[in-house]
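Reading through the structure tokens given below for one structure.
Here, each number is a calculation from the coordinates, and none is a lab measurement. All figures in this text were calculated on a predicted structure; none of them were measured in a lab. Cβ placement follows ideal geometry from the backbone for every residue including glycine, while neighbour counts extend to all protein chains displayed.
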Amino acid sequence: MELSKNFEPGAIETKWNEHWKAKQYFNSTPDERPAFTVVIPPPNVTGVLHMGHTLNETVQDILVRKARMSGFNACWVPGSDHASIATEAKVVQMLKEKNIDKNTLSRQEFLEYAFQWKDKYGGIIYNQIERLGCSVDWNRVTFTMDEDYYKAVIKVFIDLYKKGLIYRGARMINWDPVAKTALSDEEVEYKDIQGKLYYVKYAVADANDQPTEEYIVIATQRPETIMGDTAVCVNPTDERYLPFKGRKIIVPIVNRAVPLIFDEYVDKEFGTGALKVTPAHDINDYNLGLKHQLPIVDTLNEDGTISAAAEHFVGLERFEARKQVVNFLRENGSLIKEEEYSTRVGNSQRTNAVVEPRISTQWFVKMKDLAEPALKEVTEGRIKIHPGDKFLATYKYWLENVKDWCISRQLWWGQQIPAWYDADGKFVVAATEADAKALFATEHGFTPDNLKQDEDVLDTWFSSWLWPTEVFKGISNPGNPEVKYYYPTSVLVTGQDIIFFWVARMIMAGMEYEHQKPFSDVYFTGMVRDKQGRKMSKSLGNSPDLLELIDNYGADAVRFGIMISSPAGNDLLFDASSCDQGKFFNNKFWNALKLVKMLEGRQTSEEGYQNEGAFAIAWFNSRLAEAKDQVEKLYKEFRLSEALKVLYSLIWDDFCSWYLEFIKPGFEQPIHTATYQQTVSFFEELMQLLHPFMPFITEEVYHLLQPQQDDLCVKQFTFTTQADNTILQQGELLKESITAIRDARTKASLKPKETVTLNIQTDTVADFKAFETILAKLVNAKEVVYVSQLVPECINVVLHKNTFYIATENVIDTAPQKEQLQKDLAYYEGFLASVEKKLSNEKFVQNAKPEIVAVEQKKKADAEEKIKAITESLAALG
């Protein structure tokens, strides 16, 4: 068949995806082989794969394909997450576009719309995963709202509640006023901003709670919460405020008389040393309020507007209210000054809204007892984190300082909390209403006529922390054969930004319900940034569309592009030029394939040709063995980017640029059949090594090389050969000799077709004899002669301790050579002087390690040899 000029990925990718699926290569069932299990970090069902996902999925596929080709029963489970906050927001927006208000729908009606949305958009992600070449088991697709998964989440909630690890209570929580739901601490991202401090007069009250001329100045960042103040607090040692002890303070705007309280919490050196206490809107104020038994006035509605309890500015959006409050204070003389102030503001990770502290009755998980075994699994080395030096300390710090987890969300999309309430607010926790009624009879002594289920749903992470277990039905069907075979999973590949949300919690759930770790290794990928170092995001418009990249470059080139610039755990700067590099790489060995196919019809078994490829074969065999060892070691260390670089150099440089040149016969000359067959065998091995990284082109090339009885994606690796260091060193000498002689020919303006006599002055004739035929062919030498002294009127080339004298029939202009040799001589003389200076330093020689001194002495000897050779060459040139 005639091969295209360049590799054309489109149809080839479709062909192999369909073939692999038809053969069911990626479907896994338990058998006698060891399992290699990976669970995909479930992307949001509403989203598309961004470049972070692309990196993550590519890393997983590399590991899974490598394991499958190494004798493991590889099982890679795909799936998606229902993403309660994000998905509900999308569905609400979709309903608005249809002029439907969520509040006019029943819960069931809303969920029907949500599932329609999921069915419409959920498949987009799976299509992208397939287009990228991911070898997942499509029979195992899991969704966190699947019926069994839903039941498993409810089962775990009930179990933890019975164990006393889940409780319900009013606490200060993080509130997202856009999504109108509670958030856990980990769902809040803090940003440094430039804000303002407003200095406000608070009048001191008289005996009748009326304002006097005396006042205390309070600095606040949030004047819109003044209407919720229920005290003013100062340090008990602050003499400025001791005269006001026992007096009340008048809150501006609302003219509320509140107590002046004294507490060491207040730093008298910060600001004015006086603090307005607003228990409903600040966690520290809330704690002060509990301690001093202060009333709570909640001045904000759930959507972030000012509530009726504030009495003023009711209904205004909170930041608009801030402007109005400041104007009011300024106009009535209560605002003394404003000043710029650097502060940190918490934003919702899901909606980017500024988070409000809010007192709310929520459901919480007690984390301390769950965290302890999860901490030990990592710190005692049973779970290894890669790169450990970067993330181990972070993991340890978080679990040692863990807080209770707020798991209830004020949404409809998600697993509805299994708590059932009677008309008086009494409740029980049960899976069904029937179970709840029976439990009421047991716990409360009566069976209510009507029960109402808690309106809230569970935090999405409360479902995804069961992922490694429940994808194998480990919760819904404990101890089943599949969970016994596939659990614990082998490696988790995920982003460093969810180390707390997901990784730590999965370990907790695994230890609690399977009584063992959920995975053995955690590989943290870095953050994908653009070439300017910015985090990729839709708002910046700097995140490329994955399918467009695949359409433009091919999946293999995209995978190459993101992996070649992806050191483990470190952020990477991604640019489409990396995909160009992948595309060029594809075309490099596609053209190598065309050369090999061209040689296929030029084979001979005649004896005169059989030894021509012997050295090349021996050298590349050792080079291949050396690279295999390097790659295997890098796999074990999860240094996949470095492994790809080893293969890139092996294929581009050693095989395509050198080996094929070594064995390529002259114009219209035949190639020995044994050399050709070995070349095909080498090419097949290279494709096998590269296959986990670039699956489509490698499978295609493998089948085009010769008729195959198997497919590359399931072909098992074999590592039998050992590298021969002597041959490897000879190979390096050959490459350096060819490069140096070709360079000298070019500088001397010798035409490529002009033959030369190559005279070699060397102490290691045997090395040159080993590859003499190849050297002569590639530098166009009609004869190779070994000499013991300089040869006059030649092009002189010095390489290490070897000198080449290139003789031609024509007169040679030696001026360029002399100029270059004189430059080289000056360099080595300067280098020798610096080494001699170091060795003449007694302190250095006495204090340095013997091996360091030996290195310097070798440098000196090598430089002296080089200077001698250059001097002789200059003498020969006159």
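Can you say what percent of the DSSP beta bridges in the range 401-544, counting only those with both residues inside, are antiparallel? Round to 5.
Values: 9 of 15 bridges.
The antiparallel proportion sits near 60 percent.
DSSP loop chymotrypsin sites (Phe, Trp or Tyr not before Pro) in the range 446-513 with at most 15 other Cβ atoms within 10 Å of their Cβ, which ones? Before the final figure, lay out the partial values.
Values: sites: PHE446, TRP461, PHE462, TRP465, PHE472, TYR485, TYR486, PHE500, PHE501, TRP502, TYR513; in loops: PHE446, TRP465, PHE472.
Those satisfying the criteria are PHE446.
ASN725 to ALA308: FRET efficiency via 1/(1 + (r/R0)^6), r the Cβ-Cβ distance, R0 56 Å, to the nearest 0.05? All intermediate terms of the calculation are to be shown ahead of the outcome.
On the way: r = 84 Å, r/R0 = 1.51.
It comes to 0.10.
When we measure straight from the Cα of LYS664, which lysines land under 21 angstrom away, once same-chain ones fewer than 8 places off are left out?
LYS5, LYS588, LYS594, LYS597, LYS735, LYS751, LYS753, LYS769, LYS777, LYS782
May I ask you to list the aspartates and glutamates whose Cα is less than 12 Å away from that of LYS747, ignoring any residue fewer than eight positions away on the same chain?
Hits, sequence-local ones excluded: ASP813, GLU819.
Would you mind classifying the range 505-628 by shape? Square roots of the alpha carbon gyration tensor eigenvalues, ordered a ≥ b ≥ c; an a/c under 1.5 is rounded, otherwise it is prolate if a/b is larger than b/c and oblate if not. Spell out each step's value before the answer.
Working: a/c = 3.24, a/b = 1.68, b/c = 1.93.
Oblate, since a/c reaches 1.5 and b/c is not below a/b.
Nearest 5 is fine: what % of DSSP beta bridges in the range 198-349 come out antiparallel, could you say? Don't jump to the answer; show the numbers that get you there.
Numbers: 21 of 24 bridges.
That works out to approximately 90 percent antiparallel.
Rounded, prolate or oblate: which fits the range 749-826, taking a ≥ b ≥ c as square roots of the Cα gyration tensor eigenvalues, rounded meaning a/c under 1.5, else prolate when a/b beats b/c?
Numbers: a/c = 1.89, a/b = 1.17, b/c = 1.61.
Since a/c reaches 1.5 but b/c is at least a/b, the shape of the range 749-826 is classed as oblate.
Sequence neighbours fewer than 8 away in the same chain don't count; with that in mind, list the lysines whose C-alpha is under 17 Å from LYS838.
Excluding near neighbours in sequence, the set is LYS849, LYS858, LYS859, LYS860.
For the cross-link pairs LYS180/LYS437; LYS163/LYS368; LYS151/LYS484, which exceed 25 Å when the distance is taken from alpha carbon to alpha carbon?
Details: LYS180/LYS437 31 Å; LYS163/LYS368 14 Å; LYS151/LYS484 20 Å.
Result: LYS180/LYS437 exceed 25 Å.
In which sequence would LYS384, LYS98 go, from the one with the fewest C-beta neighbours within 10 Å to the one with the most? Intermediate values should be presented prior to the final figure.
Values: LYS384 15, LYS98 7.
The fewest-first ordering by Cβ neighbours comes to LYS98, LYS384.
Could you list LYS843, LYS715 in order of exposure, starting from the residue whose Cβ has the fewest other Cβ atoms within 10 Å? Provide the component values of the computation, followed by the final result.
Working: LYS843 7, LYS715 19.
Listed from fewest to most nearby Cβ atoms, that is LYS843, LYS715.
Going down the list LYS118/LYS191; LYS66/LYS628; LYS291/LYS403, which pairs span over 23 Å between their C-alpha atoms?
Listed pairs above 23 Å: LYS118/LYS191.
Please identify the chymotrypsin sites (Phe, Trp or Tyr not before Pro) of the range 691-791 that satisfy two criteria: DSSP loop assignment and at most 16 other Cβ atoms within 10 Å. Which are they? Mind showing how you got there, number by number?
Values: sites: PHE693, PHE696, TYR702, PHE717, PHE719, PHE768, PHE771, TYR786; in loops: PHE693, PHE717, PHE719, PHE771.
Within the range 691-791, the qualifying chymotrypsin sites (Phe, Trp or Tyr not before Pro) (loop, at most 16 other Cβ atoms within 10 Å) are PHE717, PHE719.
Sequence-distant or interchain residues sharing an amide H contact under 5 Å with THR142, placed H: which?
For THR142, the qualifying residues are GLY79, SER80.
For the chain, return all DSSP H helices satisfying: extent of Cα atoms along own axis at least 30 Å; mean Kyte-Doolittle hydropathy at least -1.0. Could the numbers behind the result be given before it?
Numbers: long enough: 107-131 (36 Å, -1.03); 576-600 (36 Å, -0.30); 614-636 (33 Å, -0.25); 725-747 (33 Å, -0.55); 815-839 (36 Å, -0.72); 850-876 (39 Å, -0.39).
Sorted by number, the helices that extend far enough and score high enough are 576-600, 614-636, 725-747, 815-839, 850-876.
Express the Stokes-Einstein translational diffusion coefficient of the range 754-876 in µm² s⁻¹, to the nearest whole number, given a Kirkwood radius over alpha-carbon pairs, 25 °C and a viscosity of 0.890 mPa s. List each step's numbers first, then the result.
Details: Rh = 16.3 Å.
This corresponds to a translational diffusion coefficient of 151 µm²/s.
Please figure out what share of the DSSP beta bridges in the range 754-876 is antiparallel and state it in percent, rounded to the nearest 5. Let's see the in-between values first.
Values: 10 of 16 bridges.
Around 60 percent antiparallel, to the nearest 5.
Quick check: convex hull over the Cα atoms of the range 198-349, volume per residue in Å³, rounded to an integer? Numbers along the way, then the final one.
Working: hull volume 18.8 nm³, N = 152.
So the per-residue Cα hull volume is 124 Å³.
Can you give the longest run of the chain that contains no GluC sites (Glu not before Pro) sitting in a DSSP loop with at most 14 other Cβ atoms inside 10 Å?
Longest site-free region, per DSSP loop and neighbour criteria: 33-238.
Which value, in Å³ per residue, describes the convex hull spanned by the Cα atoms of the range 309-424? Can you show the working numbers first?
Numbers: hull volume 28.3 nm³, N = 116.
For the range 309-424, the hull spanned by Cα atoms encloses 244 Å³ per residue.
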